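Notes to accompany the following structure.
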Amino acid sequence: MNLREQLKNITLILVIVYAATTALLSIVILLGIEYNIELDHFTQDPATITNSPFYIGFFSNVGIMLWCASAVICIFGWRIIPKAEQTKNVRSFLLASSLLSFLLLFDDLFMMHEEVYPVYFSIPENAVYLFYLNLALIYAVVFRDIILKSEYLLLVLAALLIGVSTVIDTMPMPIPEDSFLEDTFKLFGIVSWFLFFTRYCFTELKKVI
């Protein structure tokens, strides 16, 4: 592909993406100035800023990568599966699953239910958990037919393991390493979530490719 064709193909998307990135950077700069926050605190790795070892938050980072992978796999499946009446429900399920995975990704990555909502928006952590629970129930009811035709055991395991992690997080445990136990259950839940959507997408793609 010659240079002219490349410029024709990428100019518009490049302008949009760079404009969005510039807007995000502008917001960060304004927040830094307004609240007297050093700008490198927004850009550098947390371990670098805190002078912590590289392995700090290792499993948390793995979980975040798996959330992201799940979201991307679902959005990829939604995009590549042809639009047709017989694939309408599958595509809707994948799109909703991608959005739900992105929501959980951002919550985990930016500590939304632990710090952002309670501290900055005065929304109790339990209220956030209740919202997520209702959202999960709506998701399960709306897509129950699709789920029941899949390898839903993996999705059930994901929900149970993440649920146990949430219970451990909200209730005081009589052991000193309760946070490790909580994060262990959560990691297994995220792994199960990732496995379910990876296998589901591969299965559905085989039907149309």
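Read-outs: derived from the displayed coordinates by stated rules, not from any lab. Small disclaimer: the values here were computed from a predicted structure and weren't measured. Counting neighbours? That spans all protein chains shown, and the Cβs are built from the backbone with ideal geometry, glycine included.
Projecting the Cα atoms of SER60, PHE188, ILE33 onto the charge dipole of the chain, computed from C-beta unit charges around the Cα centre, puts PHE188 farthest toward the positive end.
Label positions at ALA136 and LEU39, each projected 7 Å from the Cα along the C-beta direction, are separated by 4.1 nm.
Taking springs between alpha-carbon atoms closer than 10 angstrom, which of LEU66, LEU12, LEU100 fluctuates most in the Gaussian network model of the chain? Top of the fluctuation ranking is LEU12.
Set against the labelled values (1) 18; (2) 30; (3) 7, percent of Cα pairs over 33 Å apart computed from this structure falls on (2). Note on the chain: with charges restricted to the Cβ of Lys and Arg (+1) and Asp and Glu (-1), its dipole about the Cα centre is near 1480 debye.
As a calculated quantity, the FRET efficiency between ILE209 and LEU7 at R0 = 41 Å, using C-beta atoms, amounts to about 0.80. Given a cut-off of 22 Å, name the pairs among LYS88/LYS186; LYS8/LYS83; LYS149/LYS207; LYS149/LYS186; LYS83/LYS206 whose C-alpha atoms lie farther apart than that in the structure shown. Violating the 22 Å limit, Cα to Cα: LYS88/LYS186; LYS8/LYS83; LYS149/LYS186. Looking only at LEU103, LEU135, LEU24, which one moves most when the chain is put into a Gaussian network model with springs between Cα atoms under 10 Å? Greatest mean-square fluctuation among the candidates belongs to LEU24.
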